[in-house]
Amino acid sequence: MQSTRARTPWQSHDWKVKTLESIIPGGGSKLAFTCRACERKFTHTTANNRAWATSGDGTPLADEVTSRWLAQSCPGRPAKGDNKDRLTFKYPSKPVQPE
Ligand SMILES: [Zn+2]
């Protein structure tokens, strides 16, 4: 375990930042944060300082995934359960069909 004292879990990631929209309605910018180490991806809005987890194409993931990912320090490499987490969308496009 490396020491993460005085660093928030957010700061533990090695972010690559991309501007999605430089000015959004209501002010501020919308940025895409992708970690080079664990490949987790977040969308961040600067005006209200909110961030949420997204799938690879920027689709918002469930709040449960967002809070878990935000609470964890960078695992340093893609974590095992992440691919499953990336399928848990905040706004499901259709109801889950039982097999
Ligand atoms: Zn990371």
Considering residues of region 40-54 that are crowded, with 17+ Cβ neighbours inside 10 Å and not aliphatic (A, V, I, L, M) only, the residue farthest from Asn83 (Cα to Cα): Thr45
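A quick yes/no check of all residues on (1) near the ligand (Cβ under 9 Å from one of its atoms); (2) touching a residue at least 24 places away in the same chain (Cβ under 8 Å); (3) in a loop (DSSP other than H, G, I, E, B):
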{"position": "Ala37", "(1), (2), (3)": "yes, yes, yes"}
{"position": "Ala47", "(1), (2), (3)": "no, no, yes"}
{"position": "Glu64", "(1), (2), (3)": "no, yes, no"}
{"position": "Leu70", "(1), (2), (3)": "no, yes, no"}
{"position": "Ser73", "(1), (2), (3)": "yes, yes, yes"}
{"position": "Lys84", "(1), (2), (3)": "no, no, no"}
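Every read-out reported here was derived from the displayed coordinates using simple, explicitly stated rules and does not represent laboratory data. Keep in mind it's a predicted model, so treat the numbers as computed, not measured. In this analysis, Cβ positions are derived from the backbone assuming ideal geometry, glycine residues included, and neighbour counts consider all displayed protein chains.
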